[in-house]
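In what follows, a structure is listed as structure tokens, so that the remarks can point back to it.
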Amino acid sequence: MVSLTIFIEDNQSGSDITKVQKIVLQGTTVETTDMKVLKKIEDQ
């Protein structure tokens, strides 16, 4: 299972409602990624 959490600290108008119109994720395929050089967040 994969999940993505997005935290929006402040709204532009200061209201309690945030409207997200677009989310774009970019990356490379797993085949081109050297998994040996990646570290867990706790290790950094």
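The values are calculated or read from the model by the stated rules, or taken from the named source; none is laboratory data. Bear in mind the structure is a predicted one, so any value in this text is a computation, not a measurement. Every residue, glycine as well, gets a Cβ built from its backbone with ideal geometry; the counts of neighbours run over all protein chains shown.
Observations
- Check on residue 5, under 16 Å from the mean Cα position of the chain (by Cα) and modelled with pLDDT under 75: no
- A Cβ distance below 6 Å, combined with a sequence gap of six or more or placement on separate chains, defines the contacts here; from region 1-15, residues that are closer than 17 Å to residue 25 by Cα reach residues that are of a type outside the set (A, V, I, L, M) in the pairs 8/18.
- Filtered residues of region 31-44 (kept if at pLDDT 75 or above, assigned to a helix (DSSP H, G or I) and β-branched (Val, Ile, Thr)): 32, 37
- When the criteria are applied in full, residue 28 fails the requirement of being surrounded by 10 or more Cβ atoms within 10 Å (Cβ to Cβ) and under 18 Å from the mean Cα position of the chain (by Cα).
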